[in-house]
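This structure is in structure tokens; I'll ask about it shortly.
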Amino acid sequence: MSIDFRQQELAHYLDKQPYVTELDGITLTIAKNVFPSDFGLTSPFFGNFILQQAPAETALDMGCGSGYFAFLLKKIGCGQVTGVDFNRDAVQCTLENSRLNPHLGPIDFLHSDLFADVPHKLFDLIVFNFNYYPADGTFGLNADGGREILKRFFRQVKDYISEHTRIYIPYSQFVGAEHDPKHIAPEFGFSVTLEHSTVNHAGEHYIYKLMLA
């Protein structure tokens, strides 16, 4: 699996936009300029993992895209769910998807560059499917493979968590060890536990649990 091949696959999905899909019983409009939740290796793997987790009173989907993972957090029984994205088109898309899935509301969807405009509160559970492979800037997929985004996230998230907060982050091995959260998070005082892994044609894929060390 190569980065170029993944970009070619992504281009196919972008050509289809806007379109409607269904994942885990959730109807999702994938609008123009919104990262497709049904694309790629991570979404079904991470989505299935979320469905098996214990609910939390307050939960956050950082980088929510179409809102898929935020809706899953509601589906497992989380009380107050917030979805955040720096892409205004994505936030508008989540509002449409909220109308399509009224049984999974309410969810607060916010436009924010990471935590810049997130009202201060403590979250018990956070999921962050960050843009982790190098690309040309589409959807924030930059040449650094998400490394700087991760560093900013780890700096900022400390004001929004307690020692009991669970943070789940997925990652794919083919991107390279230099962008791997398990090598970056400890620099910022987080412990990292491998919670789940799988292997397919693209290599190994991981889900990490991070907590304050």
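The values are calculated or read from the model by the stated rules, or taken from the named source; none is laboratory data. From a predicted model like this one, the values you see are computed outputs, not experimental measurements. Neighbour counts run over all protein chains shown; Cβ positions are idealised from the backbone, glycine included.
Check whether at least one residue in the stretch 85-103 is more than 30 Å from residue 12 (Cα to Cα), at pLDDT 95 or above and surrounded by 23 or more Cβ atoms within 10 Å (Cβ to Cβ), and report yes or no.
No, because not a single residue in the stretch 85-103 is more than 30 Å from residue 12 (Cα to Cα), at pLDDT 95 or above and surrounded by 23 or more Cβ atoms within 10 Å (Cβ to Cβ).
In addition: Please state which one of 174, 153 is under 12 Å from residue 206 (Cα atoms), in contact with a strand residue (DSSP E or B) (Cβ under 8 Å, 6 or more places away or on another chain), assigned to a helix (DSSP H, G or I) and not β-branched (Val, Ile, Thr).
Values: 153 fails: under 12 Å from residue 206 (Cα atoms).
Of the residues listed, the single one that is under 12 Å from residue 206 (Cα atoms), in contact with a strand residue (DSSP E or B) (Cβ under 8 Å, 6 or more places away or on another chain), assigned to a helix (DSSP H, G or I) and not β-branched (Val, Ile, Thr) is 174.
OK, next. Is one or more of the residues making up the stretch 195-202 surrounded by 15 or more Cβ atoms within 10 Å (Cβ to Cβ), in contact with an Asp or Glu (Cβ under 6 Å, 6 or more places away or on another chain) and either basic (Lys, Arg) or modelled with pLDDT of 95 or more (or both)?
Checking the stretch 195-202: not a single residue is surrounded by 15 or more Cβ atoms within 10 Å (Cβ to Cβ), in contact with an Asp or Glu (Cβ under 6 Å, 6 or more places away or on another chain) and either basic (Lys, Arg) or modelled with pLDDT of 95 or more (or both).
Considering only residues that are among the hydrophobic types (A, V, I, L, M, F, W, C), part of a strand (DSSP E or B) and out of contact with any Lys or Arg (no Cβ under 9 Å at 6 or more places or on another chain), which ones fall in the stretch 67-115?
Hits for the stretch 67-115 are 84, 109, 110.
Tell me, which residue of the stretch 116-130 that is outside any strand (DSSP E or B) and not charged (D, E, K, R) is nearest to residue 53 (Cα to Cα)?
129
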